[in-house]
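Worksheet: one structure, shown below.
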Amino acid sequence: MIRSEMATLTELIRADLAAMAEGHTVTRPRLLLRLAVHARWRAVISLRLSQRAMQTRWAKPLGLFLSDRILADSGAELRPTSTIGPGLVLKHTTGIVVGGEVVAGERLTLHQNVTLGDRRPYGGQPRLGDDVTLGAGACVLGPITLGDRVVVAANAVVLDDVPSDALVGGVPARVLRLLSVTAQEN
């Protein structure tokens, strides 16, 4: 599920930038332009740098500084102690909160105002599988697990485990439909 610990920083950033490009070819000049203009691109790279810095005792202050800069520059609170696999996509950064104990797989997509955190102080935080998409305003709270290829509808509040290949929505969220793997491949 999680392979980000084994990936090099360069591999993680390349995977994230490729995912953020969403199928478009990004040349070096175009990449530099996007980094200069789009806060969501800078936020992802800063998150990866802060996560790497947190692994070394002498660099932890730098990791915390970068995390603070992400919040100030983009409006996203991305804790550097979270574990997120390669291919992270932030659609819109405003209001995104990712707690420090969150563990997420590859190709995570977050829309604006998404919260991944605990339900009460020190209550545990969610684990998300691969290819998870969270719609605008979605909240995933507590020590729960979302399976692979889960889609969380906008403004849903997920408080219980969700099986793989499911579409969930509502407050509190419930499974609305099971998604077939073959339909997603087409």
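Given S67, S46, which one is under 23 Å from G142 (Cβ atoms), in contact with a strand residue (DSSP E or B) (Cβ under 9 Å, 6 or more places away or on another chain) and either of a type in the set (K, R) or modelled with pLDDT of 90 or more (or both)?
S67
So, V97, is that one of a type in the set (A, V, I, L, M) and either in contact with a Phe, Trp or Tyr (Cβ under 6 Å, 6 or more places away or on another chain) or crowded, with 21+ Cβ neighbours inside 10 Å (or both) or not? Give the derivation first.
On the way: of a type in the set (A, V, I, L, M): yes; either in contact with a Phe, Trp or Tyr (Cβ under 6 Å, 6 or more places away or on another chain) or crowded, with 21+ Cβ neighbours inside 10 Å (or both): no.
The answer is no for V97.
How do the pairs read when you match residues in segment 122-135 that are under 11 Å from E101 (Cα atoms) with residues anywhere that are surrounded by fewer than 24 Cβ atoms within 10 Å (Cβ to Cβ) and acidic (D, E), using Cβ under 9 Å and keeping only pairs 6 or more apart or on different chains?
G124/E101; G124/D118; Q125/E101; Q125/D118; P126/E101; P126/D118
Of all residues in segment 158-178, how many are touching a Leu at 6+ places or on another chain (Cβ under 6 Å) and free of Cβ contacts under 8 Å to residues at least 12 places away in the same chain?
1
Answer yes if at least one residue in segment 80-91 is part of a loop (DSSP other than H, G, I, E, B) and farther than 23 Å from E11 by Cβ, and no otherwise.
Our first condition is that a residue be part of a loop (DSSP other than H, G, I, E, B); within segment 80-91, this holds for 80-82, 85-88, 91.
Checking the rest, the ones that are also farther than 23 Å from E11 by Cβ come to none.
For segment 80-91, residues part of a loop (DSSP other than H, G, I, E, B) and farther than 23 Å from E11 by Cβ: absent.
Name the single residue, out of those in segment 106-152 being crowded, with 24+ Cβ neighbours inside 10 Å and among the β-branched types (V, I, T), that is nearest to V168 (Cα to Cα).
Out of the qualifying residues, it is V152.
The values are calculated or read from the model by the stated rules, or taken from the named source; none is laboratory data. Predicted model, so just to flag it, every value in this text is computed and none were measured. As a convention, Cβ positions derive from the backbone with ideal geometry for all residues, glycine included, and neighbour counts pool all protein chains shown.
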